[in-house]
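Derivation of every value follows stated rules applied to the coordinates shown; laboratory data play no part. Note that the structure is a prediction, hence the values are computed from the model and not measured.
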Amino acid sequence: MNANFIMGLGAQVMWVIVKISAPMLGLGLAAGLIISIFQATTQIQEQTLAFIPKVAAVIAALMIFGPWMLITILDFTQKILGNLMSFVQ
């Protein structure tokens with residue numbers, strides 16, 4: 001194992017993290033933007049009005065994208081563990 005291998009593995013890990021978290025963050029961001037626009041136009045400044053739809057959007061993203069996220073994590077883990085002997089030299 002050398003420094004280039006460790007850096008490449010770290011980059012792959014970071015990319016998997018970004019891919020897995022993107023649907024939840026994207027839907028939460030979209031929900032927050034829509035609620036913020038609604039609050040600005042109606043001048044309603046209730047904090048729970050912004051919080052609850054974001055939580056609902058993240059839960060919906062987990063339900064919709066959960067199987068894909070699990071498959072992505074399992075594929076990456078199987079790739080790492082399957083090549084474990086070639087990593088240790």
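Numerical summary
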quantity	calculated
Acute angle (nearest 10 degrees) that the helix 3-42 long axis makes with the longest principal axis of the chain, alpha-carbon atoms	10
Residue among Leu27, Leu49, Leu62 with the largest mean-square fluctuation in a Gaussian network model of the chain, springs linking Cα atoms under 10 Å	Leu49
Computed [θ] at 222 nm, helices only, for the chain once each DSSP H run of length n ≥ 4 contributes -39500 (n - 2.57)	-32000 deg cm²/dmol
Calculated from backbone phi, Karplus (6.51, -1.76, 1.60) coupling profile of the range 59-70 in Hz, x at Gly/Pro	5, 5, 5, 5, 5, 6, 9, x, x, 5, 5, 5
Distance histogram for the range 24-87 (every C-alpha pair counted, 5 angstrom bins, percent rounded to whole numbers)	3, 17, 17, 14, 11, 9, 8, 7, 5, 4, 3, 1, 0
